[in-house]
1. Mind running the shape call on segment 7-52? Use the C-alpha gyration tensor, a ≥ b ≥ c as the square roots of the eigenvalues: rounded below 1.5 for a/c, prolate if a/b tops b/c, oblate otherwise.
2. Which is the longest stretch in the chain that no exposed loop site breaks, taking sites as chymotrypsin sites (Phe, Trp or Tyr not before Pro) with a DSSP loop state and at most 13 other Cβ atoms within 10 Å?
3. May I ask you to derive the FRET efficiency for ALA61 and TRP16 from their Cβ-Cβ distance with R0 = 30 Å, giving the value to the nearest 0.05?
4. Would you mind telling me the share, in percent, of accessible area of the chain contributed by carbon and sulfur at probe 1.4 angstrom?
5. Contour minus end-to-end for TYR54 and TRP74, with contour as 0.36 nm per residue of separation and end-to-end as the Cα-Cα distance?
6. Any chance you could give the angle, 0 to 90 degrees and rounded to 10, that helix 81-107 forms with the longest Cα principal axis of the chain?
7. Report the dimensions of segment 58-114 along its three principal axes from the alpha-carbon atoms, largest first, rounded to Å.
8. What's the center-to-center distance, using Cα atoms, between segment 69-83 and segment 94-114 in Å?
Amino acid sequence: YRSDDFTVAMETVTAWAWGPLSFLTFLAFLRHHPARYVLQLIVSLGQLYGDVLYFATEARAGWTHSDPRPFYFWGYFVGLNGVWVLVPGLLLLDACHQLATAQRGHDRPRHKAH
């Protein structure tokens, strides 16, 4: 039995960093904490980075760990794993939008009351 070093390293980061940070993000949203969108951005970006590494590693290996039949490759490997790209991608865009909106409001000139 031999484990893949990349997978072990990536899943260790997932278990010890992204998992707890995802839970913290969830709590931040429940409590309307001001850092909630920053946390959403960090977790989503980390997930996307892991996805890119996962797909790139598999592509470099010649897709040897996926079933070559079209239904399984496109439906299972690409389709189901694609959810792990789509959802964090949408959450990343949402976090960027929310943070840009907040920054725009902060940058707006203040009018003095007379």
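The values are calculated or read from the model by the stated rules, or taken from the named source; none is laboratory data. Quick caveat: nothing in here was measured; it's all calculated off a predicted structure. Virtual Cβ from ideal backbone geometry, glycine too; neighbours counted across all protein chains shown. Surface accessibility is based on the protein's heavy atoms, side chains included, excluding ligands, DNA and RNA. Shrake-Rupley method; radii C 1.70, N 1.55, O 1.52, S 1.80 Å.
1. Oblate is the answer for segment 7-52, as a/c is 1.5 or above yet b/c matches or exceeds a/b.
2. Value returned for the longest uninterrupted segment is 2-62.
3. Here the calculated transfer efficiency is 0.70.
4. Here carbon and sulfur together make up 68 percent of the probe-accessible area.
5. Value of the extension gain: 5.6 nm.
6. Tilt relative to the chain: about 20 degrees.
7. Dimensions of segment 58-114 along the principal axes of its Cα atoms: 73, 21, 10 Å.
8. Their Cα centres are 42 Å away from one another.
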